[in-house]
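Comments concern the structure below.
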Amino acid sequence: MNGACAVPATGVCRPAPLRTIVDYQATFPAIQTAYFPNTVATSFWSSEPNANYPNFAWHTDFKFGLASYYYLKSGPKAVRLVRDIDD
């Protein structure tokens, strides 16, 4: 994970990779703060809308580590920018 945290960001994370950085043993924020310092305990948008509900998009909640699509795309959420390490 150290190498992935050091590369420049180029896009918004998809839902599955975003959930891989959730620390289910932690809350407020539910993330390893040693790797991701200053992460706000809030919801972060993913880059994928929900296929069945076009007005909704997937997000991961870093308060408790939950993932859901029950939020309108127009609602305010944070984003986490990532880069594919194969680039």
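The residue that is farthest from P17 (Cα to Cα), among those in region 39-48 that are of a type in the set (G, A, S) and not in a loop (DSSP other than H, G, I, E, B), is S43.
Number of residues in region 49-84 that are under 16 Å from T20 (Cα atoms) and either modelled with pLDDT under 80 or surrounded by fewer than 17 Cβ atoms within 10 Å (Cβ to Cβ) (or both): the value is 11.
The values are calculated or read from the model by the stated rules, or taken from the named source; none is laboratory data. Everything numeric here is computed off the predicted structure, so don't read it as measured data. In this analysis, Cβ positions are derived from the backbone assuming ideal geometry, glycine residues included, and neighbour counts consider all displayed protein chains.
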